[in-house]
């Protein structure tokens, strides 16, 4: 007797072999049999005739960390078929944490309430006690752990839906040792303390070291510091995953981007530490800080990145990489154009007062001077091109602006000053909606994803359909559409010629890359992470005004043998596991 029997499905087993029709029998959290199971009995049977049955998707770049205990259902992942999240990325993990709380790019409301700021969108270090107060006040959550083992215990006790594969963040280790005095090179004694913490985390079940070398405090680390910590991870069979170094903007204020050098540094770390390397959310290697890239530049950028990867492989470095399959960034979207003027809305106290203030020429001139001086990064940096190509209007009272970037609007209307254009667009419709373009495009995405070691990723968090992590409208931050449909977007827009190959890059390849031997395949003995798709009905339903929409065509999502997603409804199951290495 099976607990769950999936009958007559078209099995794409995650290995890349041709699809075949078969049944899948599940007992407990394990696939017990794959084949002709006609006549077998089960507690529950799913008729998958005409449907595609695949392994659960593995997201190789997720930030499902502490937030997975705030929104443990993780509807965004579940409803698109993601069953395992590779987490602790970009140098940020839930622990270790001492007196300083390290911001990990989702606690916007909490951080604003703990230490309000007008002109600073991102601060990285907060008083732990203040953050504990805000977690309790906003989410009724007790931030009552400090070490990685304590976090694992709390997560297991609380329950969560999607399997959690944890890296330990370099930013957390560095801050635990150096406190707020971490914006400098570490001393030899401090590095030894970091290595001791790294040993403790690996013994507790971390799967390797993660860095975010564009962010404080990681951006202050030398290559040699990372190599020493990666060597510790290697001792335990761990790997190295990196948001590789591409700029020094948080050190010097200069946003000049040199990603190729960061890829080379990551390869050197892999070679010198003898450790497997994974490059996070690949970006174009050409420097775009002095102006827009041409199509030719973008194709060359993709070729350069792939050539660096291929050369590393020939030199014996184990390396893979992931790509966000979208022209917008991973974690969040700011859907209201007014947010471009956030400091001046906060000062005004309301949209209505901001409209009155910005309608006064004298005050508007002051605001424009502040923008030009780089006081607010979302309107640009001094001496650099203004970001008029980054903001695209989706809804506006002036319909001629819809579907246009600020750059295009300026050209059509004959406007010359970006700063004035931002004010004029806001005054014409204070509640206009927009999307932020990351500078990627379809040509580059298709080219960079066309590689045997590339896999799609979300770069997102554990969110539900009601999650808002920003302030009140119009300054809300909402989950990116990638939280809800990156996997389906990849299949429909960037997949391989054979569906079997696309599924392999979402399941078997990340499982192999991260050493998850019992997942990523539909095979007897593997853990029962399974997705049933009505492939002909697949649709992303992506919406950049209201991104919290589930895709169509994902019929069932089974995690550790438990049906967790059922026709766009979460069953309430919290069957996810912490995927720590098995103890010897």
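Structure values in brief
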| quantity | calculated |
| --- | --- |
| Meets criteria (surrounded by 21 or more Cβ atoms within 10 Å (Cβ to Cβ) and touching a residue at least 40 places away in the same chain (Cβ under 8 Å)) for residue 179 | no |
| Residue among 30, 84, 54 that is closer than 21 Å to residue 206 by Cα and touching a strand residue (DSSP E or B) at 6+ places or on another chain (Cβ under 8 Å) | 84 |
| Conditions (1) crowded, with 19+ Cβ neighbours inside 10 Å; (2) in contact with a helix residue (DSSP H, G or I) (Cβ under 7 Å, 6 or more places away or on another chain); (3) more than 30 Å from residue 160 (Cβ to Cβ): number failed by residue 460 | (3) |
| Where residue 393 falls short, out of the listed (1) crowded, with 20+ Cβ neighbours inside 10 Å; (2) under 30 Å from residue 498 (Cβ atoms) | (2) |
| Boolean, residue 54 is crowded, with 20+ Cβ neighbours inside 10 Å, in contact (Cβ under 8 Å) with a residue 24 or more places away in the chain and within 15 Å of the chain's Cα centre (by Cα) | no |
| The range 403-412, residues that are over 27 Å from the mean Cα position of the chain (by Cα) and surrounded by 15 or more Cβ atoms within 10 Å (Cβ to Cβ) | 407, 408, 409, 410 |
| Filter pass, residue 78 being surrounded by 24 or more Cβ atoms within 10 Å (Cβ to Cβ), under 20 Å from residue 478 (Cα atoms) and either in contact with a strand residue (DSSP E or B) (Cβ under 6 Å, 6 or more places away or on another chain) or at pLDDT below 95 (or both) | yes |
| Hits in the range 395-424 (condition: touching a strand residue (DSSP E or B) at 6+ places or on another chain (Cβ under 9 Å), within 16 Å of residue 379 (Cβ to Cβ) and part of a helix (DSSP H, G or I)) | 406, 407, 409, 422 |
| Qualifying residues in the range 344-355 (those that are touching a residue at least 40 places away in the same chain (Cβ under 8 Å) and crowded, with 16+ Cβ neighbours inside 10 Å) - the one farthest from residue 433 (Cα to Cα) | 346 |
| Residue 148 being under 30 Å from residue 520 (Cβ atoms) and in contact with a helix residue (DSSP H, G or I) (Cβ under 9 Å, 6 or more places away or on another chain) | yes |
| Criterion (under 29 Å from residue 240 (Cα atoms), within 25 Å of the chain's Cα centre (by Cα) and modelled with pLDDT of 90 or more) met by exactly one of 336, 379, 303 | 303 |
| Of all residues in the range 467-487 being closer than 16 Å to residue 329 by Cβ and touching a helix residue (DSSP H, G or I) at 6+ places or on another chain (Cβ under 7 Å), the one that is surrounded by the most Cβ atoms within 10 Å (Cβ to Cβ) | 483 |
| Evaluation of residue 347 against (1) under 25 Å from residue 112 (Cα atoms); (2) in contact with a strand residue (DSSP E or B) (Cβ under 6 Å, 6 or more places away or on another chain) (one fails), failing number | (2) |
| Of the criteria (1) modelled with pLDDT of 95 or more; (2) surrounded by fewer than 24 Cβ atoms within 10 Å (Cβ to Cβ); (3) over 30 Å from residue 433 (Cβ atoms); (4) out of contact with any helix residue (DSSP H, G or I) (no Cβ under 7 Å at 6 or more places or on another chain), which one residue 528 fails | (2) |
| Leading residue by the ranking (nearest to residue 346 (Cα to Cα)) among those in the range 359-376 that are within 36 Å of the chain's Cα centre (by Cα) and part of a helix (DSSP H, G or I) | 367 |
| Pairs where the first residue, in the range 228-255, is farther than 19 Å from residue 171 by Cα and the second is part of a helix (DSSP H, G or I) and at pLDDT below 95, C-beta under 6 Å, 6+ apart | 255/249 |
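For every residue, the table says whether it meets (1) free of Cβ contacts under 8 Å to residues at least 24 places away in the same chain; (2) assigned to a loop (DSSP other than H, G, I, E, B); (3) surrounded by fewer than 21 Cβ atoms within 10 Å (Cβ to Cβ).
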site: 328; (1), (2), (3): no, yes, yes
site: 357; (1), (2), (3): yes, no, yes
site: 378; (1), (2), (3): no, no, yes
site: 384; (1), (2), (3): no, yes, yes
site: 388; (1), (2), (3): no, yes, yes
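The values are calculated or read from the model by the stated rules, or taken from the named source; none is laboratory data. All of these numbers come straight from a predicted model, not from anything done at the bench. Methodologically, a virtual Cβ is constructed for each residue, glycine included, from the backbone with ideal geometry; neighbour enumeration extends over all protein chains shown.
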